[in-house]
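K.L.:
Before I ask anything, let me first share the structure, which is written out below as structure tokens.
What follows is calculated from the coordinates using simple rules that are stated; it is not laboratory data. Everything numeric here is computed off the predicted structure, so don't read it as measured data. Don't worry about glycine lacking a Cβ; one is built from the backbone with ideal geometry, like all the others, and counts go over all protein chains shown.
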Amino acid sequence: MLLARAGLFLVTLVPLALGFGLSAASARLIFIGWGLAGAALLGTIYWRGVLRRWSGWLIAGRLLLLAAALLLACSGLMGRNFEDTDLGLRALFPNSYREGWTDPRSARNGGVGLAVAGALCVIVSHGAARFSGGRKGTGT
């Protein structure tokens, strides 16, 4: 159970760090709300999967699909607050800043990649359940 709690911590840490970091860079509170909502949703899906004993592939697939949706929402927020985010990150990282960091297309492409990976994980989880002869771990 300790390993499951460590996983919960790591799953919720990523959107919180990204949301608070973008909020600090752009001086916009909307990114904090995005990070808190994302951490709550990802943590809920992860913990529900652990308690219901879903397979690892299914948990990973559902988390990746949700992360893809969150990243796509973040790309929309970054598009609306582009100037503030861009200037803030340029000020925080003057020597290492790249324009692709704040480009909404980068976040959108990452979201599509996460969605493809999540769909493949869900397909593998259902295929593994059929191959083993049972439906254990499929979430149904």
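K.L.:
Restricting to DSSP H runs of at least four residues, report the calculated mean residue ellipticity at 222 nm for the chain, -39500 (n - 2.57) per run over all residues, nearest 500 deg cm²/dmol.
P.N.:
Working: 5 runs with 112 residues, N = 140.
Computed mean residue ellipticity for the chain: -28000 deg cm²/dmol.
K.L.:
Roughly what would the spin-label model give for residue 9 and residue 53, points 7 Å off Cα along C-beta, in nm?
P.N.:
According to this spin-label approximation, the distance is 2.6 nm.
K.L.:
Under a 10 Å cutoff between Cα atoms, tell me which one of 18, 72, 42 has the largest fluctuation in the Gaussian network model of the chain.
P.N.:
18
K.L.:
Continuing with this model, one more query. Compare 38, 21, 100 in a GNM of the chain, Cα atoms joined below 10 Å, and give the one with the largest fluctuation.
P.N.:
Maximum fluctuation in the GNM of the chain, among the listed residues, is at 100.
K.L.:
Still on this structure: Going by C-beta contacts inside 10 Å, put 32, 123 in order with the fewest on the left.
P.N.:
Exposure proxy ranking, most exposed first: 123, 32.
K.L.:
Shifting gears a bit: At R0 = 25 Å, how high is the FRET efficiency between residue 91 and residue 29 if r is their beta carbon distance? Nearest 0.05 is fine.
P.N.:
Numbers: r = 18 Å, r/R0 = 0.74.
The formula returns an efficiency of 0.85 here.
K.L.:
Send over the Kirkwood Rh of the chain, from the inverse of the averaged 1/r over different Cα pairs, rounded to one decimal Å.
P.N.:
It is 16.2 Å.
K.L.:
Note down the relative contact order for the chain as a percent, whole number, built from C-alpha pairs under 8 angstrom at least six residues apart. Each step should come with its number before you reach the end.
P.N.:
Details: 169 pairs, mean separation 39.2, N = 140.
Worked out over the chain, it gives 28 percent.
K.L.:
Determine, for 34, 101, the number of other Cβ atoms within 10 Å of each Cβ, and report the residues in order from fewest to most.
P.N.:
101, 34
K.L.:
Between residue 69 and residue 17, with labels modelled 7 Å along Cα→Cβ, what's the label distance in nm to one decimal, could you check?
P.N.:
With each label point 7 Å from Cα toward Cβ, the separation is 2.4 nm.
K.L.:
To the nearest 0.05, what FRET efficiency results for residue 98 and residue 2 with a Förster distance of 22 Å applied to their C-beta separation?
P.N.:
Given R0 = 22 Å and the Cβ-Cβ separation, E is 0.05.
K.L.:
Of 51, 65, how do they rank once you tally other Cβ atoms within 10 Å and put the fewest first? Write out the running numbers ahead of the final one.
P.N.:
Values: 51 9, 65 19.
If I rank by nearby Cβ atoms, fewest first, I get 51, 65.
K.L.:
When only DSSP loop residues count, what trypsin sites (Lys or Arg not before Pro) in the range 1-83 have their Cβ near at most 14 other Cβ atoms within 10 Å?
P.N.:
Hits after loop and neighbour filter: 52, 53.
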